[in-house]
Amino acid sequence: MQLYNSLSRKKEEFVPREAGKVSMYTCGPTVYHFAHIGNLRSYIMEDVLEKYLRFTGLDVKRVMNITDVGHLTSDGDTGDDKMLKGAKREHKTVMEIAKFYTDAFFADCAKLNIKTPDAVVPATSCIDEFIRVISTLMDKGYAYEAGGNIYFDTGKLDKYYVFNDFKEEDLAVGVREGVEEDSNKRNKADFVLWFTKSKFDDQELKWDSPWGIGYPGWHIECSCISMQTLGEYLDLHCGGIDNAFPHHTNEIAQSEAYLGHEWCNYWFHVHHLNTNSGKMSKSSGEFLTVSLLEEKGCSPLVYRFFCMQSHYRKNLVFSWENLENAKVTYDKLIAKITPLLTDKGGDIDKPEFERLMSEFTSAMDNDLNTALAVTAVYDVLKSRSNAATKLALLAEFDKVLGLDLIQTAEKSLEAAENDEIPAEVMELAEQRKAARKEKNFKLADEIRGRIESLGYEIKETRQGTEIKRR
Ligand code: AMP
Ligand code: ZN
């Protein structure tokens, strides 16, 4: 499989260190709020990657952290701890907030068919390990104490900016514009490993350490959790593109300084979900959640399908209209699969199966081209193969795409057999009624078209609206 590696900035053949096995690490959520659908875009695409690696026969072990301490409002070392902010906002303790939003995160993941990683590790459960690794970095001369905090000394590295050719002088201290200068730092890019003093002192969770009572920085948690659970060598590290710098850059710096050798071979970064006003972010306060999509009548799997239709290395623009288009396309897809279920006759046509399967795998082998993989789904449906071959292919593809293609078609068939009008058609009928009331006949006609594409007919009779199967 060819995969774009942010480290080499090119597509490369993905070859795990140990034949047949993959160690995979994912930066988990900061659990101070609900995950927004931008965060979830990253987790959906990482899930597809994991599932595809398994599909090709690799034995994947995947680990994810839960950030429940240490992530400050700025990705650098300034601002409040996000967890503390969340706790204050909701008048709860940090641990209550962490539990609530961790559970909410996995509930969203379940709705989106995102598999739970093999190990999920909260940062607060690994404090001793962080202290051990930071102590080694101190012993090796890669870390120093200043103003009460422990910093990583990036000046000790031959190359710090691994993902981009940033010039140090072009960067604001810490990370970005607006970040205050920390006069304790020896070099602009140095970052905190352990806080004992900072400009706020009401941090709720604090632990004893050789350097005084305090709490860990955000970056050290991912290095430690990865090394502790997956060993000294990591095949694949994932995250959203905003994590490349400084978070992943700092992870590499401290892990390699600690280990004394190279650490992770492949870095997989998912680009952003944007709205018209820019990147969707929790801190802006304006973000969309899975529950909100559901409230608006959109199944979470339609959002997964929406993500699948574009490449993970391109920004994706969210609008309700774009999502609605994805919904219409998904429904049409299901309507094409449903008749296959009642026509299962015939044996699998092996040459045809192989031909269409290779269309799917070549799409996925080309840097996870899910949009082309979706085209392969259409090509299966358009092909002259028998129903058994088509269903077998769709079932295989869906192990990776996770769109519940056959299960949803089964539900729709069941509803039809019970002569039930599916909820979706009923909802469209309501929308059409409203459009007609407002004399928006163009919209009413459009909605009628959509009802028809789902296999139903709608007409006005003297008794009212009649809906039946076509
Ligand atoms: P956080 O909960 O803020 O730690 O972020 C969790 C994951 O979501 C990280 O991998 C981020 O890089 C990713 N992420 C944050 N915002 C977006 C976005 N708008 N689009 C895609 N991924 C994002
Ligand atoms: Zn991380």
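Please list, in order along segment 384-392, the HN-Hα scalar couplings obtained from phi with the Karplus expression 6.51 cos²θ - 1.76 cosθ + 1.60 (θ = phi - 60°), rounded to whole Hz, x for Gly and Pro.
Values per residue, Gly and Pro as x: 8, 4, 7, 4, 4, 5, 4, 5, 5 Hz.
Return the whole-Å distance between the Cα centroid of segment 249-304 and the Cα centroid of segment 138-166.
Cα centroid to Cα centroid, the span is 25 Å.
Which value, in Å², gives the accessible area per residue of the chain when a 1.4 Å probe is used on the protein heavy atoms?
Ligands and nucleic acids excluded, the figure is 45 Å² per residue.
Take Trp320, Trp194 and sort them by solvent-accessible surface of the protein heavy atoms, 1.4 Å probe, largest at the top.
Output order, biggest surface exposure first: Trp320, Trp194.
Step through the residues of segment 440-455 one at a time and calculate ³J(HN,Hα) from phi using the Karplus curve (6.51 cos²θ - 1.76 cosθ + 1.60, θ = phi - 60°), rounding each to whole Hz and writing x for Gly and Pro.
8, 6, 5, 5, 4, 5, 4, 5, 4, x, 5, 4, 5, 5, 8, x
Residues with amide H under 5 Å of Tyr266's amide H, sequence separation 5 or more or different chain, H placed in the peptide plane at 1.01 Å from N; which?
The list, which skips near neighbours in sequence, is Leu236, His237.
Mind giving me the nanometre distance, one decimal, between the label points for Met95 and Asp347, set 7 Å out from Cα along Cα→Cβ?
Taking the simple label geometry, Met95 and Asp347 are separated by 6.2 nm.
Roughly how many percent of the accessible protein surface of the chain is carbon and sulfur, given a 1.4 Å probe and a whole-percent answer?
Reported share for carbon and sulfur atoms: 48 percent.
Which whole-Hz ³J(HN,Hα) couplings does segment 253-267 yield from phi under the Karplus relation 6.51 cos²θ - 1.76 cosθ + 1.60, θ = phi - 60°, glycine and proline marked x?
4, 6, 5, 6, 5, 5, 7, x, 8, 5, 10, 10, 7, 10, 10
Show me 207-214, 424-431, 461-468 ranked by packing, highest mean number of other Cβ atoms within 10 Å first.
Top to bottom by mean Cβ count within 10 Å: 424-431, 207-214, 461-468.
Run the numbers on the chain and let me know its relative contact order in percent, using alpha-carbon pairs under 8 Å that are six or more apart.
Worked out over the chain, it gives 16 percent.
Among Thr370, Val380, His269, flag the residue with its Cα farthest along the positive direction of the charge dipole of the chain, charges on Cβ as +1 for Lys/Arg and -1 for Asp/Glu.
Of the candidates, Val380 comes out farthest on the positive side.
Evaluate the relative contact order of segment 49-150 (contact order divided by residue number), counting alpha-carbon pairs under 8 angstrom at least 6 apart; express in whole percent.
28 percent
How many percent of DSSP beta bridges within the chain run antiparallel, rounded to 5?
Here the antiparallel bridges make up roughly 50 percent for the chain.
Would you please give the FRET efficiency between Glu460 and Glu414, computed as 1/(1 + (r/R0)^6) with r the Cβ-Cβ distance and R0 = 25 Å, to the nearest 0.05?
Efficiency computed from Cβ-Cβ geometry: 0.35.
Excluding residues fewer than 8 places away in the same chain, name every one of the aspartates and glutamates whose C-alpha is closer than 17 Å to that of Lys82.
Result set, ordered by chain and number: Asp68, Glu90, Glu96, Asp201, Asp202, Glu204, Glu221, Asp242, Glu286.
The values are calculated or read from the model by the stated rules, or taken from the named source; none is laboratory data. On a predicted model such as this, the values are computed, not experimentally measured, just so you know. Every residue, glycine as well, gets a Cβ built from its backbone with ideal geometry; the counts of neighbours run over all protein chains shown. Side chains included, ligands, DNA and RNA excluded: accessible areas come from the protein's heavy atoms. Shrake-Rupley method; radii C 1.70, N 1.55, O 1.52, S 1.80 Å.
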